[in-house]
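See structure below.
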Amino acid sequence: MRINTFLTILGVFAAVAVATVLFGHPFLYSPGAHPAVLPSVRHPAITPVDDAIVVYYHERRPYYVTTPNQVHGLIADRVNWVFNEAGIDYVWRKIPAKRQLEIIRNNDQQACAVGWFKTQERDAFGNFTLPIYLDNPTLAIARADNDQISSGSPLARTLSNRRLRLLRKDGYSYGRFIDDGIKAYAPREIVTTAENLSMVKMIHTHRADYFFISKEEAEDLILCSGLPAKDFKTIHFTDMPQGNKRYLICSRKIEEITLLRLNRAIKHYLLGSMAANQTEMSATQ
């Protein structure tokens, strides 16, 4: 009798096990007792999602600085705030500056490139957000012992000096005023794809005489170059206009409603206390 009872119980458990394997029914726990699912956490610098916008940048102190878990800097912090405020998933990707515009032009993905000036050529293939940053007036960096270039004169005097070699980054715009001056006076040029740190070293080793840069970058660049600050001087031009506005340029693949959400967040940012140059930047342009 005991043996029959034992065999009966054993048969019942065997039947349950087989049914569980064949039909997947949770006989041994309540149908509502599913494992807890934790809410997902966005890590913009690490874990992209399928519909995330890729934000392209290149290392450029103090605007964009790569840290272990994020990208920070004068402009990058604003971009982080704007995307989070708009509730839009995004992921940072670091690539050379010239390649960024190629990606935007190809329009193969939802992508934006950060910190670019707005030009007619770029406007033909990309969509610009509202401006996210306003530079201080552009200046130039040169060796302190270069007596061919000095502050206190108009830009044309420097550009027309055939003894000076302008170090220019390939594919860059320096704003309409400088770009038009370069076209008009055709200075001697050395074109490079190097980043600013390498460019300042080229100036130091006499491979070029000067290059254009924002005030924000110049102060940080000389400090971080490891070179003696006394070896350099900054050149201020008497007719240099207000600094250039910097934008996000986005591929046409990004929907208009997404751009509207970004622009709404930019307006909120510029109206808030976080905008260092809010009095000079219009959120409506």
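Within region 76-87, does at least one residue satisfy the condition of being under 27 Å from residue 178 (Cβ atoms) and free of Cβ contacts under 8 Å to residues at least 60 places away in the same chain? Walk me through how you get there before you give the answer.
From region 76-87, those under 27 Å from residue 178 (Cβ atoms) are 76-79; that's our starting set.
Those left that are additionally free of Cβ contacts under 8 Å to residues at least 60 places away in the same chain: 76-77.
Yes, some residue in region 76-87 is under 27 Å from residue 178 (Cβ atoms) and free of Cβ contacts under 8 Å to residues at least 60 places away in the same chain.
Out of 182, 222, I need the residue that is modelled with pLDDT of 95 or more and either in a loop (DSSP other than H, G, I, E, B) or not basic (Lys, Arg) (or both). Which one?
Details: 222 fails: modelled with pLDDT of 95 or more.
Answer to the check: 182.
This table checks each residue for (1) modelled with pLDDT of 95 or more; (2) among the charged types (D, E, K, R); (3) assigned to a strand (DSSP E or B); (4) open to solvent by less than 10 Å² (accessible area, probe 1.4 Å).
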| position | (1), (2), (3), (4) |
| --- | --- |
| 103 | yes, no, no, no |
| 108 | yes, yes, no, no |
| 114 | yes, no, yes, yes |
| 131 | yes, no, no, yes |
| 140 | yes, no, yes, yes |
| 148 | yes, no, no, no |
| 156 | yes, no, no, no |
| 162 | yes, yes, no, no |
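Going by what's in this entry, would residue 157 be described as touching a residue at least 40 places away in the same chain (Cβ under 8 Å), of a type outside the set (A, V, I, L, M) and within 19 Å of residue 234 (Cα to Cα)? Spell out the reasoning first.
Values: touching a residue at least 40 places away in the same chain (Cβ under 8 Å): no; of a type outside the set (A, V, I, L, M): yes; within 19 Å of residue 234 (Cα to Cα): yes.
The answer is no for residue 157.
Which of the numbered conditions does residue 201 fail, given that it passes all the others? Conditions: (1) surrounded by 15 or more Cβ atoms within 10 Å (Cβ to Cβ); (2) in contact (Cβ under 8 Å) with a residue 24 or more places away in the chain.
Of the numbered conditions (1) surrounded by 15 or more Cβ atoms within 10 Å (Cβ to Cβ); (2) in contact (Cβ under 8 Å) with a residue 24 or more places away in the chain, the odd one out for residue 201 is (1).
Test residue 94 against the criterion of being of a type outside the set (A, V, I, L, M, F, W, C) and touching an Asp or Glu at 6+ places or on another chain (Cβ under 7 Å), and give yes or no. Walk me through it before giving the result.
Numbers: of a type outside the set (A, V, I, L, M, F, W, C): yes; touching an Asp or Glu at 6+ places or on another chain (Cβ under 7 Å): yes.
It is true that residue 94 is of a type outside the set (A, V, I, L, M, F, W, C) and touching an Asp or Glu at 6+ places or on another chain (Cβ under 7 Å).
The values are calculated or read from the model by the stated rules, or taken from the named source; none is laboratory data. What you see is a predicted model; the values in this text were computed from it and never measured. Please note: Cβ atoms are built from the backbone with ideal geometry, for glycine as well, and neighbour counts cover all protein chains shown. With ligands, DNA and RNA removed, areas are computed over all heavy atoms of the protein, side chains included. Shrake-Rupley method; radii C 1.70, N 1.55, O 1.52, S 1.80 Å.
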